[in-house]
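Contents: one structure, followed by commentary.
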Amino acid sequence: MIEVKNLVKTFKDGPVETRVLKGIDLSVKDGEFVAIMGRSGAGKSTLLYQISLLDEPTSGRIHINGKETHEMSEHEKMLFRLAEFGYVFQDYALLPELTALENVALPLYMQGASRAAADEKAAAALTRVGLGLRLGNLPSQLSGGEQQRVSISRAIAHTPDVLFADEPTANLDKESSATVMDIFKELHKGGQTIIMVTHEDEFAAFAERIVKLDDGKVISDSRL
Amino acid sequence: MFPLLNIRVGFYLALRQLRRASLWTTGLIVFVMLLTFLNLVVVTGILVGLIEGINESYRTQYTGDVIVSALSTKDYIEDTSGVIAFLKTLPHVSQMTERYQTGGTIEANYLTRTDLTEKPNATGAQVIGINPEAENAFTGLAEHIIEGEYLAESDYDHILIGNFLLAKYAFGEQPGLTPLTDVGPGTKVRLTINGATREVIVKGVVKSKIGELGMSVFLPATELRTLMGRFDQNVAQIAIRLTPGSDPVAFKQLLLRSGIGEKAKVQTFEDSIPNGVADIKTTFAMLGNGFSSIGLVVAAITIFIVIFINAITRRKFIGILKGIGISGEAIEISYIFQSLFYAVIGSAIGLAVLYGVLVPLVAAHPIDFPFSDGILVAPPFDTGVRIVLLVLTTVIAGYLPSRMIVRKNTLDSILGRN
């Protein structure tokens, strides 16, 4: 359960202050698939970064499973991101010198899993997204769609509480985008909480709930 | 997060980064580390080795490990036979040679000299009486003959002459020293000692960078004693070679405790070397350390720049690592491991080059300095200390830039924002 209360994010560039989020209230229940939509500059990615603890809000409160994130140390946030969250970035964000298997196994390894256990779990996650035969490939040897599937595998291999996806289909062709969204659909069916930022209605339709932002505020929150 | 886990993940990341890094880049960094290592060890090693060469030459060609010589108030060692008898009882002594010594002059071309107002072709010299066979066995003097032949015990009127006494081998003009001209093997010269003169023939020329040999005249001890009018057996010097592993300082102390110090001066080979040489050695060692320190700073800056550029260009990936929950410490440790790799590989290759090539090469072909045969001094302990210094410096130089980048805001790093 994620609860956001009166979230404000302001960016400062010298004397210029830009308020990107202007008091967002939002709550996401376990197992929900929420799409955050809005036009460019509406603040959707900024909201995702605050909720996913990648950034620090200027003010407001975020509670995750009842825990006040504002009070967390950097170390606690890091542990939270490692164990409870999964991330899928727009540009895949894979480490170029690690193979697909290693990219997926790394966070598991960081959680204390043995090499063998991490590799086994990573291989299973990659197989689940149809990349069982590309385990030893470097990101540079994979297509964009395949890289994004590796990224999803990395995000789900440790069975996180919440999967955050920031424009996961933005750099993909239609076919690859559909594959990625099918995977999300499958994950959601399995009870995975997903919060996805997108500006495409076609992909937002995969979610069960759409939160629309404009000018840093929630302008609509609807269930499909 | 547990430190051990950070180390494991750091190693995991470092290994993969190194394995998939450009071979050229890795090779270049390792090459820089190799050069730094050699700079650290070889520069000091040669500077110290230059002086060590003098020490070694003194030890092998002149003093042995310990030398017993006449007190400054005497021309000879009192009760020489008693001293020698005592020395022969000591198990540490493996070899000895005794020398008589006095001052004298040598004059050449006296037969062809027509103008008596002209300065004679003469020079002062230290005259050393030796047992040719024992001396050669001890110092290998015969190997230093560059012209003519070595002395035989039966040589009645033959001498060896040191190279610095001959104009063609001397170091140019030196105040107070007038080397002889037109003198070589077969030349007749007049040797004058304590007013007694004998005409002798130069049998050979001794070449040595040690002043005590290069500025001396050698003849059989029996002949010198005759010239000196001495009938006793008291010699001026006893050079002693010790059995391997014996400590010259401890042996010197033993002799002093036995009372020999009252009859003679007892010195280790290092004591007998002029003070100036020891001072030069200290100065050169300081200079070497100074150069090494500069090398160390250069290495640190090089690694800092390399790691900084690496970390800056990988800032986005560092951000991603942090974003997905990899601890900053693990990322920093990965850079420490990389720096460690460069330093250790560079040092390992450096060690192989040093002890596999340079040390044996310089030992076989010493560097020909005017006053010594320079060797490369690289004691394993000192080399080890320098390796530790290099590794530590490199690790710190690698850690600092990675820490700077890791400490940046995670999201800013991921998005490439400043």
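The values are calculated or read from the model by the stated rules, or taken from the named source; none is laboratory data. For clarity, every value in this text was computed on a predicted model and none was experimentally measured. Quick reminder, even Gly has a Cβ in these numbers, built from the backbone with ideal geometry, and neighbours come from all protein chains shown.
Table for the structure above
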read-out	value
Selected residue (only one of B:GLY398, B:GLY374 is touching a strand residue (DSSP E or B) at 6+ places or on another chain (Cβ under 9 Å) and away from chain A (no Cβ under 14 Å))	B:GLY374
Looking only at segment A:85-105, and only at residues there that are closer than 17 Å to A:SER153 by Cβ and at the interface with chain B (Cβ under 7 Å from one of its Cβ atoms), the one that is surrounded by the most Cβ atoms within 10 Å (Cβ to Cβ)	A:TYR87
Residue in segment A:50-69 that is at the interface with chain B (Cβ under 9 Å from one of its Cβ atoms) and either of a type in the set (Phe, Trp, Tyr) or not in a loop (DSSP other than H, G, I, E, B) (or both) present	no
Qualifying position, being surrounded by fewer than 18 Cβ atoms within 10 Å (Cβ to Cβ), within 14 Å of chain B (Cβ to nearest Cβ) and not in a helix (DSSP H, G or I), among A:GLY136, A:GLY132	A:GLY136
Pairs, first surrounded by fewer than 24 Cβ atoms within 10 Å (Cβ to Cβ) in segment B:152-166, second at pLDDT 95 or above and not in a strand (DSSP E or B), C-beta under 8 Å, six or more apart	none
Residue that is free of Cβ contacts under 8 Å to residues at least 12 places away in the same chain and closer than 25 Å to B:ASN55 by Cα, where the choices are B:ALA134, B:ALA170, B:ALA125	B:ALA170
Failed condition for A:ASP30, given (1) at negative phi; (2) surrounded by 14 or more Cβ atoms within 10 Å (Cβ to Cβ)	(2)
Yes/no for B:GLY124 being among the small types (Gly, Ala, Ser), modelled with pLDDT of 90 or more, more than 30 Å from B:ALA250 (Cβ to Cβ) and outside any helix (DSSP H, G or I)	no
Evaluation of A:LEU108 against (1) in contact (Cβ under 8 Å) with a residue 60 or more places away in the chain; (2) within 30 Å of A:LEU138 (Cα to Cα) (one fails), failing number	(1)
Positions within segment A:200-209 being surrounded by fewer than 19 Cβ atoms within 10 Å (Cβ to Cβ) and either more than 16 Å from A:LEU172 (Cβ to Cβ) or touching a residue at least 60 places away in the same chain (Cβ under 8 Å) (or both), in sequence order	A:ASP201, A:ALA205, A:GLU208, A:ARG209
Within segment B:290-319, considering residues that are at pLDDT below 80 and under 22 Å from the mean Cα position of the chain (by Cα), the one nearest to B:ILE405 (Cα to Cα)	B:GLY295
Qualifying helices (runs of 4 or more DSSP H) (wholly inside segment B:309-418; at least 2 residues being touching a helix residue (DSSP H, G or I) at 6+ places or on another chain (Cβ under 6 Å), touching a residue at least 12 places away in the same chain (Cβ under 8 Å) and more than 30 Å from B:THR44 (Cβ to Cβ))	B:315-323, B:328-353, B:380-406, B:410-415
Meets criteria (surrounded by 14 or more Cβ atoms within 10 Å (Cβ to Cβ), of a type outside the set (D, E, K, R) and assigned to a strand (DSSP E or B)) for B:LEU227	no
Residue check, A:GLY112 more than 20 Å from the chain's Cα centre (by Cα), within 14 Å of chain B (Cβ to nearest Cβ) and either surrounded by 18 or more Cβ atoms within 10 Å (Cβ to Cβ) or part of a loop (DSSP other than H, G, I, E, B) (or both)	yes
Index of the failed condition, B:VAL391 passing every other in (1) surrounded by fewer than 18 Cβ atoms within 10 Å (Cβ to Cβ); (2) within 27 Å of B:LEU28 (Cβ to Cβ)	(1)
Given (1) within 13 Å of another protein chain (Cβ to nearest Cβ); (2) surrounded by fewer than 24 Cβ atoms within 10 Å (Cβ to Cβ), number of the condition A:ALA157 does not satisfy	(2)
Among the candidates A:LYS22, A:LYS29, A:LYS9, A:LYS44, residue that is charged (D, E, K, R) and touching a Lys or Arg at 6+ places or on another chain (Cβ under 6 Å)	A:LYS22
Residue count for segment B:322-340, restricted to those that are more than 21 Å from A:ASP55 (Cα to Cα) and either at the interface with chain A (Cβ under 7 Å from one of its Cβ atoms) or among the hydroxyl-bearing types (Ser, Thr, Tyr) (or both)	3
So A:ARG39, is it touching a Leu at 6+ places or on another chain (Cβ under 8 Å) and more than 14 Å from chain B (Cβ to nearest Cβ)	no
Any hit, segment B:320-339, residues being in the same structural domain as B:VAL297 (by TED's automatic domain parsing), buried (at least 18 other Cβ atoms within 10 Å of the Cβ), among the basic types (Lys, Arg) and at pLDDT below 90	no
Residue in segment B:196-206 that is surrounded by fewer than 18 Cβ atoms within 10 Å (Cβ to Cβ), free of Cβ contacts under 8 Å to residues at least 40 places away in the same chain and closer than 23 Å to B:LEU111 by Cβ present	yes
Pick from segment A:53-74, criterion within 18 Å of A:LYS217 (Cα to Cα) and hydroxyl-bearing (Ser, Thr, Tyr), ranking: surrounded by the most Cβ atoms within 10 Å (Cβ to Cβ)	A:THR58
Residue in segment A:75-84 that is crowded, with 18+ Cβ neighbours inside 10 Å, more than 9 Å from chain B (Cβ to nearest Cβ) and among the hydrophobic types (A, V, I, L, M, F, W, C) present	no
Residues located in segment B:403-412, provided they are within 11 Å of another protein chain (Cβ to nearest Cβ) and either of a type in the set (Phe, Trp, Tyr) or under 17 Å from B:ALA330 (Cα atoms) (or both)	B:ARG407, B:ASN409, B:THR410
Some residue of segment B:297-310 being buried (at least 16 other Cβ atoms within 10 Å of the Cβ), closer than 28 Å to A:LEU53 by Cβ and either touching a strand residue (DSSP E or B) at 6+ places or on another chain (Cβ under 8 Å) or within 14 Å of chain A (Cβ to nearest Cβ) (or both)	yes
Unmet criterion (only one of (1) without any contact (Cβ under 8 Å) to a residue 24 or more places away in the chain; (2) closer than 30 Å to B:THR243 by Cα; (3) not charged (D, E, K, R)) for B:THR117	(2)
Among the candidates A:ASP173, A:ASP161, residue that is of a type in the set (D, E, K, R) and more than 25 Å from A:PHE80 (Cα to Cα)	A:ASP173
